[in-house]
1. Given a Förster distance of 25 Å, report the FRET efficiency between Ile133 and Ala258 from their Cβ-Cβ distance, rounded to the nearest 0.05.
2. Any idea what the relative contact order of the range 110-191 is, in percent, if you count C-alpha pairs under 8 Å spaced at least 6 apart?
3. Name the residues whose placed amide hydrogens come within less than 5 Å of the amide hydrogen of Thr64, ignoring near sequence neighbours (fewer than 5 apart) on the same chain.
4. Within the accessible area of the chain, what % is carbon and sulfur when the probe is 1.4 Å and the other protein chains stay in place?
5. At 222 nm, what helix-only mean residue ellipticity would the chain give, in deg cm²/dmol to the nearest 500, using -39500 (n - 2.57) for each DSSP H run of four or more?
6. Kirkwood hydrodynamic radius for the range 3-152: how many Å is it when counted over pairs of different Cα atoms?
7. Expected output is a single nm value to one decimal: the length gained when fully extending between Thr64 and Lys336, i.e. 0.36 nm times separation in residues minus the C-alpha distance. What is it?
8. What Kirkwood hydrodynamic radius do you get for the chain when you take the inverse of the mean 1/r over all pairs of distinct Cα atoms, in Å?
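The values are calculated or read from the model by the stated rules, or taken from the named source; none is laboratory data. Please read these numbers as outputs of a predicted model, since none were measured by experiment. Every residue, glycine as well, gets a Cβ built from its backbone with ideal geometry; the counts of neighbours run over all protein chains shown. To get the accessible areas, we keep the full protein, side chains included, count just its heavy atoms, and leave off ligands, DNA and RNA. Shrake-Rupley method; radii C 1.70, N 1.55, O 1.52, S 1.80 Å.
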Amino acid sequence: SVDVIKTDAVIIGAGPVGLFAVFELGLLDVKCHVIDILDRAGGQCAELYPEKPIYDIPAIPVVTGQQLTDQLMEQIEPFGPEFHFSEQVDSIDKTGDGFRLVTDAGTTFESKVVVIAAGGGSFTPKRPPLPGIENYEGTSVYYSVRKMDVFKDKDVLIVGGGDSALDWTLNLQPVAKSLTLLHRRSEFRAAPASVQKMLELVEGGDISFKLGQVTELHGDNGQLTGVTVKGSDGETFEHPAEVMLPFFGLTMKLGPVANWGLNLEENLIPVDTEKFETSEKGIFAIGDINTYPGKLKLILSGFHEGALMAQAAHRIIYPDKKLIFQYTTSSSNLQKKLGVK
Ligand code: FAD
């Protein structure tokens, strides 16, 4: 039988709103697991504009997308949320006293409440336009790294020139039998320090770097044996590879949210403005994914929604406990939970 993770709340989406929900729920003793298909926290802030400044977070005159993410992670640390990255929540089903959620990696949760903080939907990798690529996906073509073991002692080809391509080149080099990074130009859109490290590995003969674009895949029964590459000089050449990791960026797609049996309005989830609950009792929706009269798709709105959602979630999880309104400034009880003295 599958191991089931039992918890008070599952939060779908580790964007800024899902992260702050951990804080509001944590103050009310609600334990959370957070799931995101991305391999890190931050949602749009981390994925779409990590270095751009945000000017409308209350009391923080300017903060970048990545800094906001880092500060939220620090703020919620006392509550010990458990993160499940690179996993997409595929299904939600009602059980006797809560919900059962299953991810595309097979991880199963039983939770008393569900908080959908799915933003604009799942970040989904862009698929390179190569004929027959779908026959290799999941067996020798991967868009993310879930377990490094899959790449152990393999001839690995990484394609792309952004942060993901560079990060995984550095991380998989020690595990792979051989590793080649292929990019269509010699300029990279990645952290300069990673580019520098990659070039050092090339210099030392630990990996190879090639210029060009994959035009064809070769192999059988889902097992890749090599690719045809069109080099920068226009000449084509064959390159042997057992696994390929194309990192061509991500797009946002609503994804499985549409299949959960909830009412939807133009791909958004309608909620009330008292509890931010969906058409299903015990399932809440906060942040960019929800809609109600007057909704603004701003981070600060999502923070407010999380605070009110937490009150309602508490009533479901602790039906016999009365909630007493408290300030973090003056409640020693709340301060104990936050670990401050
Ligand atoms: P998101 O940040 O979209 O995060 C949702 C997460 O859920 C994603 O990581 C996604 O992968 C994940 N997810 C979805 N479905 C699933 C699933 N089934 N399984 C697993 N994971 C799933 N707002 C401001 O307030 N001020 C600004 O200055 C500002 N500037 C912006 C600039 C740009 C360029 C952009 C694009 C947006 C800006 N925004 C700004 C908007 C702001 O980023 C969003 O309002 C905010 O990110 C919404 O947060 P969220 O947590 O609701 O969703």
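1. Numbers: r = 24 Å, r/R0 = 0.98.
That pair, Ile133 with Ala258, gives E of 0.55.
2. Numbers: 63 pairs, mean separation 21.5, N = 82.
Relative contact order of the range 110-191: 26 percent.
3. For Thr64, the qualifying residues are Ile54.
4. Numbers: 8640 of 17270 Å².
The nonpolar share, carbon plus sulfur, comes to 50 percent.
5. -7000 deg cm²/dmol, from helical runs alone.
6. Numbers: mean 1/r = 0.0598 Å⁻¹.
Roughly 16.7 Å, rounded to one decimal.
7. Numbers: separation 272, 0.36 × 272 = 97.92 nm, distance 3.01 nm.
Result: 94.9 nm gained on full extension.
8. Answer for the chain: a Kirkwood hydrodynamic radius of 21.9 Å.
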